[in-house]
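The values are calculated or read from the model by the stated rules, or taken from the named source; none is laboratory data. On a predicted model such as this, the values are computed, not experimentally measured, just so you know. Cβ coordinates were reconstructed from backbone atoms using ideal geometry, including for glycine residues, and neighbour counts include every protein chain displayed. Protein only, heavy atoms only, side chains kept; ligands, DNA and RNA dropped before computing areas. Shrake-Rupley method; radii C 1.70, N 1.55, O 1.52, S 1.80 Å.
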Amino acid sequence: MQRQWLFVVLQLVFVAAVTSAITGCYTSIISFGDSLTDTGNLNFISPPQSPNCLVSPYGETHFQQPTGRCSDGRLPLDFIAESLGLSYLKPYLGFKNGAVKHGNIEQGMNFAVAGATALDRSFFEEKGFTVEVTTNYSLRVQLDWFKELLPSLCNSSSSEGCKKVLRSSLFIVGEIGGNDYGYPLSETSAFDDLRTYIPQVISVITSAVRELIDLGAVTLMVPGILPLGCNPAYLTGFATIDEEEYDQVGCLKWLNMFFEYHNDLLQTELNRLRVLYPRTNIIYADYFNAALQFYKSPEQFGFSGDVLQVCCGGGGPYNYNDTALCGNSGVIACDDPSQYVSWDAYHLTEAAYRWITKGLLDGPYTIPKFSVSCITGETARDFNNYAMK
């Protein structure tokens, strides 16, 4: 029986490896989120938001022009698509406006919008907080867009054909949630009140995951929030002379603890979903620790100088000035963004995003490990049942 068990293991490994090498584990990616994931929906929103990711020098590193991505180049989503042999995801609003043709969406679609929140706009209005986006582009809205587009994505009128497409798609739900705290943080010092929002934000995210699973999704990646206590915009806004407030790197300890709490609660709820949906593969993407490693040891990742300095900014202790933002007239980007972690104080450079993605694909920063995620929950269950015989 041991030899038979070993033979089954080798067969599964061989089939997975060959399938991955020839066709890839996934035929498409469906993505939701905010500016860490938006690949161009921002282009179709008027008026433009701030930071203005639609003008130079945004996009200068890889695309040589602005694309609506809030970085100098590619985002984690782009690197994941590359690793799976898929095209860069098209923005849904471009498809809706006719800029993206039907034939270009077979490998997926991106519903993420820069500035989006998990919670609906009405939540912030009731609390008295200003939300920069002029229309509601919350996770709920993005899910509604997905359901409207689903027949086109499936390219099939049959429910079975659509299920096949969904089973072979990688769903990326986030990163989202950072703006849910960012908007209030810009207007209030009542930090303890914000902790009460965390369960509500997590509930919206996990509800979206459940809805996608009920529609037919099998593999879903759900990223946590970055260590925004190292964010130069927050470091500028919450600057203090109390050295005890900072860690050895210079990040705000209390703020990183806040986002760790969000990530911990998110993982707890994802564990609950894994029990409820044993035939799915729900992957937590640990953006927080994947990024924290190069804040702690920047030289190991090719970053030089002060790791908290902004590449494209208008002065100040961290080269961030909210009256002279990246993209504004007279604001010049650094000569080599690959030497920097922070691009514009709010978003990271392509170099930083590349390292984060490498940590997800090759390192220990996904739970379970992403490299085996193309073996679905049903396949894994069947294998476990066979091995126990």
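Spin-label pair Phe44-Ser159: with each label point 7 Å from Cα along the Cα-Cβ axis, the two points sit 2.9 nm from one another. Taking amide H as placed 1.01 Å from N in the peptide plane, Asn281 has its amide H under 5 Å from the amide H of Thr219, Leu220, Gly377, each at least 5 places away in sequence or on another chain. Given the stretch 292-340, report the % of alpha carbon pairs whose separation exceeds 12 Å. The answer is 61 percent, as a whole percent.
Here is the link list: Lys147/Lys358; Lys90/Lys164; Lys127/Lys147; Lys127/Lys296; Lys127/Lys358; Lys96/Lys163. Which ones come out longer than 27 Å on Cα distance?
Numbers: Lys147/Lys358 31 Å; Lys90/Lys164 21 Å; Lys127/Lys147 30 Å; Lys127/Lys296 36 Å; Lys127/Lys358 39 Å; Lys96/Lys163 23 Å.
In this structure, Lys147/Lys358; Lys127/Lys147; Lys127/Lys296; Lys127/Lys358 exceed 27 Å between Cα atoms.
Per the Kirkwood treatment, what hydrodynamic radius in Å, one decimal, follows for the stretch 154-236 from the mean inverse distance over all distinct Cα pairs? Answer for the stretch 154-236: a Kirkwood hydrodynamic radius of 15.2 Å.
Please give the peptides 137-148, 334-345, 319-330, 168-179 ranked by average Cβ packing (other Cβ atoms within 10 Å per residue), highest first, as a rough proxy for protection.
Ranked by mean Cβ neighbours within 10 Å, highest first: 168-179, 334-345, 137-148, 319-330.
Taking the empirical scaling 2.2 N^0.38 Å for compact globular proteins as reference, the stretch 48-91 has a Cα radius of gyration ratio of 1.18.
The alpha-carbon positions of the stretch 192-257 define a convex hull whose volume is 107 Å³ per residue.
Using a Debye calculation, one point per C-alpha and no hydration shell, please list log10 I(q)/I(0) for the stretch 234-348 at q = 0.15, 0.18, 0.22 Å⁻¹ in order. Log-scaled intensity ratios, in q order: -0.79, -0.99, -1.24. Averaging the Cα positions of each part gives two centres, and for the stretch 332-369 and the stretch 289-320 these lie 10 Å apart. With a 1.4 Å probe rolled over the protein heavy atoms of all chains, the accessible area of Arg274, Arg69, Arg167 falls in the order Arg167, Arg274, Arg69, largest first.
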